4 protein chains.
Amino acid sequence: MDLARKVVAHLTAKRLSVFLEPELAEGIKEQSLATPLRKMNPEMLITIGGDGTILRTCLGIRKPEPPILAVDIGVRGFLTEVKPNNALRAIDSCLQGRFKLEHCVKLASKVEGRMLPEALNEVLISPDAPVKLLYAKIWVDKTPVAQCVADAVMVASQVGSTGYSLTAGGPVLDPRMDAFVLTPICPLAVFHPMVFPASSTVTIEVSRPQKTFVVLDGQHREALETESPCLTIAKSEYQTTFIRFRQNFYRRLESRMLFYRGGRG
Amino acid sequence: MDLARKVVAHLTAKRLSVFLEPELAEGIKEQSLATPLRKMNPEMLITIGGDGTILRTCLGIRKPEPPILAVDIGVRGFLTEVKPNNALRAIDSCLQGRFKLEHCVKLASKVEGRMLPEALNEVLISPDAPVKLLYAKIWVDKTPVAQCVADAVMVASQVGSTGYSLTAGGPVLDPRMDAFVLTPICPLAVFHPMVFPASSTVTIEVSRPQKTFVVLDGQHREALETESPCLTIAKSEYQTTFIRFRQNFYRRLESRMLFYRGGRG
Amino acid sequence: MDLARKVVAHLTAKRLSVFLEPELAEGIKEQSLATPLRKMNPEMLITIGGDGTILRTCLGIRKPEPPILAVDIGVRGFLTEVKPNNALRAIDSCLQGRFKLEHCVKLASKVEGRMLPEALNEVLISPDAPVKLLYAKIWVDKTPVAQCVADAVMVASQVGSTGYSLTAGGPVLDPRMDAFVLTPICPLAVFHPMVFPASSTVTIEVSRPQKTFVVLDGQHREALETESPCLTIAKSEYQTTFIRFRQNFYRRLESRMLFYRGGRG
Amino acid sequence: MDLARKVVAHLTAKRLSVFLEPELAEGIKEQSLATPLRKMNPEMLITIGGDGTILRTCLGIRKPEPPILAVDIGVRGFLTEVKPNNALRAIDSCLQGRFKLEHCVKLASKVEGRMLPEALNEVLISPDAPVKLLYAKIWVDKTPVAQCVADAVMVASQVGSTGYSLTAGGPVLDPRMDAFVLTPICPLAVFHPMVFPASSTVTIEVSRPQKTFVVLDGQHREALETESPCLTIAKSEYQTTFIRFRQNFYRRLESRMLFYRGGRG
């Protein structure tokens, strides 16, 4: 909160327009700056929080997304870039153009003709309650790939490959990989994680149970109650873009891998 | 249904008293034989179905449990013993005393002073919704064992070691092992399955999230809504007893392992 | 042997020139057709055997490689295409131009300035004896990726992703993926399989032990006895090309996955 | 070396008899104290080194074994107890009887009628060279358990369950478990780690390849060159006994698990 106040003051002093997510605006008594996420159209977006904050923000914001400067508070994140005490300095670097952009592919998914919000990390499909098995057929483009009997199954992006997918046994995808991973959770029969080109469309046709959930980035849940729902997942036309000062995927991986799972919980 | 009718006729012809679970009694128009599971006190119990049927029956029946003759229909089960076309012959063998008994340790669990139904396969604790992390401290007797950050965590019995626990990476316990397995699902940090003597009490103290579920044998769910609930799991004083004609754990394991997960779904 | 004789007769009757690997020529008493693998320059190559036969042949043959028609005998292979009793018919289809070609990326590796034979499935580096740990630093292009402490570490091609790498926990790469997998065996610390673009160069610098082996496709072994040897692995300029009548990676995967590990043993 | 000298001086000053392993005696110029390990019969044994030192010592010493005070130098060990700067103090505590004893079951193995040295951590059987598959049949007592097709297979003791077995996917056995784990390395077909009572005899009958190695605690290797050799593993009548000041298996597990693999390399 304090940090949010400082950031607002810092930006206002530079005569920049500041928009605040309404709940935050309320929290720091800056209601006049409140703008719903859906209506913001900023040149740059600052998140203060962990990976969950980033993931929720990306699910909610207008497309195309502005670049994100992600300030870390509390918990160590994998997606975040800047420690709180470096936040103002990092903002100044941004304003002076001293930064790199990391572009991240997002996942566009569709159920019964309806588009879902776009996911940055992964799209998961699971029964509506714990300890139920999901029975599904999986296609990649027009090719049947596998029958899946498992707790759940997910498609993760390159960025998401270091998140939930990793804890379920999926591989790490190098940042240059334009690919998705299909990762089952506790499969009943042998079913290995599979890597596909990001130009593919993955189709998951659920045969059982009747009630399932699609969960996007561990943040957005949606119940599917039609008979044998069919979920398709493909590369989005939009990206999430992070402001980075050092581009160093493997160092982040090394230091944070053990502790991280993309914004969950 | 047909098989149930035949079994009833077969037993009645031998002047044995038959009690039917009310829904089944209704189904085969033998309402006069209907007795709620809780009120039955038979010398022997016949289940017709898969492992799920057995697990549900064991959760519901009065203790101590009578021996179970498990007839398999449709799907291949791990706990079942007899194919439908051998059912009547198997019943005759039982009546003539030609069978072995397989005694299976059960799991007695307690939450906030309240005993839960006894589980045959496993007791699982999980957040109330998919893709949330469970944070818990785990003790064995008075020894702190691990901090668990995972999708869920379970304690499985010897019998349950070939069920859900196996698909989450747990070991197979030899039938002579008087032991439990503690198995996490998709742990965030390194957390290996652990094997404890069945004389231990395992305590799982949840710190997050606020709403969790205890799931017994994939059949009985119970919401925990107190702050930081504490679940203890120990060996039950009761057992489940199966009627077996050949005692052959490893052959069953070999032929069914790939297809089985104890009565789920 | 019988099949080899039939194939020779079938081809000779069509007035085609036939060359035989010398040991086989000896075996079927056709010494006049014997030509060392290194000296053959055929338009098409027929292998009769399992995946091991194919892998050994590809390691030994002149580059660029001719297309391979792989006849399966005995054990079920993943790379083979034709059952023995369809062999002559398959040859006729080839001669009539009714086939597809499957092109497979190969791995070119270099140790201390010396090129090794090109591998189709994987390049593995391991201590010289069982139960010793390998300590190595791994780079991808110029980026340090990980410290590896494990039984061994391998780089597998797309084709090799369904071989040894899979049994060590690596993912399946879709046939359209132009990528490699880096897979450790029994890593001591957390080290997940990683997927890289096939345009990368992977460098493995061994720090311990002093004696290590590079093993190519489980067939060719080479002792490294220099201090801290450095192995680099990149995409070869050559490919292995298989003659296929139906292009169906996922059906082969489904039916053979459980039984296969690329030509080992 | 320095520490060894100090320990010798400390013990000699207390008029205790000191015996040194010959190589160490040479190293610190105390040749008069040199006694081969096989001939020592001390009341207490002090090891200075890592887990490898302990494992080698236990393989070589006369049975029954004296209690071991294990001083850690350099690398963090799982079996060691005392830091170098606490070594003299720890010795004094021992002499005053202020310590606990941790008794560890050992593995007695036999090949073709010949007993092998007893292993503390694990007995592994593997082909003679990397990347070859081992084909073996496995029995527990008289029960056939599984066909194993894998890189190698091991039987680990309770103590060994936190060593090599763990990195191959085996479970942790609680210190009170009187049990063994059978753990395959990179199995080709589905083959889960299995836990047996320590009263069992495990028999491994190798069918392929012709040359295999038995490796005890990663330290002692023995080539098997008979046709289809048969290895049996059972609980030894002897134990290894460690002097402990705090009995705290799970704290050691937590702090060292990521870095340790019992005396390998």
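For chain B, with only Lys/Arg (+1) and Asp/Glu (-1) charged at the beta-carbon, what is the dipole magnitude about the Cα centre, in debye rounded to 20?
Here chain B has a charge dipole of around 680 debye.
What residue among D:78, D:52, D:19 has its Cα farthest toward the positive end of the dipole of region D:1-119, where the charges are +1 on Lys, Arg and -1 on Asp, Glu, each on the Cβ?
Working it through, the farthest residue towards the positive pole turns out to be D:19.
Between A and D, which A residue has the Cβ nearest their rotation axis, distance in Å?
Nearest to the symmetry axis by Cβ: A:190, 3.
Once you treat every alpha carbon in region D:96-179 as an equal point and sum by Debye, what is log10 I(q)/I(0) at q = 0.10, 0.21, 0.25 Å⁻¹?
The Cα Debye sum returns log10 ratios of -0.32, -1.21, -1.41.
Taking every Cα atom in region B:117-163, find the radius of gyration and the maximum pairwise distance Dmax, and write them in Å.
For region B:117-163, the Cα-based Rg and Dmax read 12.0, 31 Å.
Dipole magnitude of region B:40-84 about its Cα centre, charges +1 at Lys/Arg Cβ and -1 at Asp/Glu Cβ only, in debye to the nearest 20?
100
Let me know the Rg and Dmax you get for region D:1-154 when you use only its Cα atoms, in Å.
Final numbers for Rg and Dmax: 19.3, 59 Å.
Please compute the volume of the convex hull spanned by the alpha-carbon atoms of region C:25-71 and report it per residue in Å³.
Taking the convex hull of the Cα positions in region C:25-71, it is 81 Å³ per residue.
Explain nothing, just the number: relative contact order of chain D, from Cα pairs under 8 Å at least 6 residues apart, as a whole percent.
It comes to 22 percent, rounded to a whole number.
Measuring from a point 7 Å out along Cα→Cβ, what nm distances, shortest first, does residue C:95 have to its partners in the other copies?
Counterpart label points of residue C:95 in the remaining copies fall at 7.2, 8.1, 9.3 nm.
Which lysines have a Cα less than 21 Å from the Cα of residue C:110, not counting those fewer than 8 places away in the same chain?
Filter leaves C:63, C:137, C:142, C:211, C:235.
Just to confirm the numbers: residue C:227, label point 7 angstrom along the Cα-Cβ line, distances to the other copies in nm, shortest first?
4.9, 6.3, 7.5
At a 1.4 Å probe, what is the % contribution of carbon and sulfur to the accessible area of the protein assembly as shown?
Reported share for carbon and sulfur atoms: 51 percent.
Kindly provide the trypsin sites (Lys or Arg not before Pro) of region B:167-221 that DSSP labels as loop, not H, G, I, E or B, and whose Cβ sees at most 16 other Cβ atoms within 10 Å.
Loop-located and lightly packed - B:176, B:211.
Can you give the local net charge around residue A:195? Use residues other than it whose beta-carbon is closer than 12 angstrom to its beta-carbon, Lys and Arg +1, Asp and Glu -1.
Within the 12 Å Cβ shell, the charges total -3.
Once both labels are modelled 7 Å past Cα along the beta-carbon direction, what's the residue B:37-residue D:178 spacing in nm?
Spacing of the two 7 Å Cα→Cβ label points: 3.7 nm.
Calculate the mean, over all residues of peptide C:152-161, of how many other protein chain Cβ atoms lie within 10 angstrom of the residue's Cβ.
Shielding by partners across C:152-161 averages 1.
Given chain D, what percent of its DSSP beta bridges are antiparallel, to the nearest 5?
85
Kindly express, to the nearest 10 degrees and within the range 0 to 90, the angle between helix A:51-60's C-alpha long axis and the longest C-alpha principal axis of chain A.
Roughly 80 degrees between the two axes.
Share of antiparallel DSSP beta bridges in the protein assembly as shown, in percent to the nearest 5?
Restricted to the protein assembly as shown, the bridges split so that about 85 percent are antiparallel.
Report the net charge of residues surrounding residue B:21, where surrounding means a beta-carbon distance below 12 angstrom and charges are Lys +1, Arg +1, Asp -1, Glu -1.
For residues surrounding residue B:21, the net value is 0.
Mind jotting down a quarter of the surface of the convex hull over the alpha carbons of the protein assembly as shown, in square nanometres, one decimal?
Mean shadow area of the hull around the Cα atoms is 51.1 nm².
Let me spell out the model: positive unit charges on the Cβ of Lys and Arg, negative unit charges on the Cβ of Asp and Glu, origin at the Cα centre of region A:1-130. What dipole size does that give, in debye rounded to 20? List each step's numbers first, then the result.
Working: 18 positive and 16 negative charges, 93 e Å.
It comes to approximately 440 debye.
Return the distance in nm (one decimal) between the two label points of a simple spin-label model at residue A:100 and residue B:96, each offset 7 Å from Cα along Cα→Cβ.
With each label placed 7 Å out from Cα toward Cβ, I get 8.0 nm.
Determine the percent antiparallel among the DSSP beta bridges restricted to region A:5-160, to the nearest 5.
Given both bridge residues lie in region A:5-160, the antiparallel proportion sits at roughly 65 percent.
Which value, in nm² and rounded to one decimal, describes the direction-averaged projected area of the C-alpha convex hull of chain B?
Averaging across all directions leaves 14.2 nm² for the Cα convex hull.
Taking θ = phi - 60°, what integer Hz values does the Karplus form 6.51 cos²θ - 1.76 cosθ + 1.60 yield along region C:90-100, in sequence order, with x for Gly and Pro?
Here the 3J(HN,Hα) series is 5, 4, 4, 4, 4, 5, 8, x, 9, 6, 10 Hz.
Using per-residue counts of other Cβ atoms within 10 Å, averaged over each peptide, order C:17-27, B:9-19 from highest down. Present the calculation step by step, with values, prior to reporting the outcome.
Working: C:17-27: 15.2, B:9-19: 12.6.
Put in order of decreasing packing, that is C:17-27, B:9-19.
Could you give the accessible area per residue of chain C, probe 1.4 Å, as a whole number in Å²?
42
To the nearest hundred square angstrom, how large is the accessible surface buried between B and A, total for both chains, probe 1.4 angstrom?
2400
With a bin width of 5 angstrom, please list the P(r) values of region D:174-230 as percents of all Cα-Cα pairs, from the 0 bin to the one holding the largest distance.
Using 5 Å bins, I get a P(r) of 4, 14, 17, 24, 24, 13, 3, 2 for region D:174-230.
For residue D:183, what is the net charge nearby, where nearby means another residue's Cβ is under 12 Å from its Cβ and Lys, Arg count +1, Asp, Glu -1?
-2
For an R0 of 25 angstrom, estimate the FRET efficiency from the Cβ-Cβ distance between residue A:83 and residue B:208 and round to the nearest 0.05.
Efficiency, from the Cβ-Cβ distance: 0.55.
Be a star and scan region D:180-205 for residues whose amide nitrogen sits under 16 Å from the point 7 Å along the Cα-to-Cβ vector of residue D:142.
Under 16 Å, as judged by backbone N against the label point of residue D:142, lie D:200-203 of region D:180-205.
Any idea what the residue A:207 label distances to the other copies are, label 7 Å down the Cα→Cβ vector, nm, shortest first?
3.3, 4.4, 5.2
Give me, ordered by chain and number, the residues 5 or more places off residue D:146 or on other chains with an amide H under 5 Å from its own placed amide H.
D:138
Express in whole angstrom the spacing between the alpha-carbon centres of region D:88-115 and region C:143-191.
39
Starting from the Cα of residue C:114, step 7 Å along the direction of its Cβ; do the same at residue D:16; then give the gap between the two resulting points in nm.
With each label placed 7 Å out from Cα toward Cβ, I get 5.3 nm.
The values are calculated or read from the model by the stated rules, or taken from the named source; none is laboratory data. For clarity, every value in this text was computed on a predicted model and none was experimentally measured. A quick note on method: Cβ atoms are made from the backbone with ideal geometry, for glycine too, and the neighbour counts reach across all protein chains shown. These area figures cover heavy atoms from the full protein model, side chains too; ligands, DNA and RNA do not enter into them. Shrake-Rupley method; radii C 1.70, N 1.55, O 1.52, S 1.80 Å.
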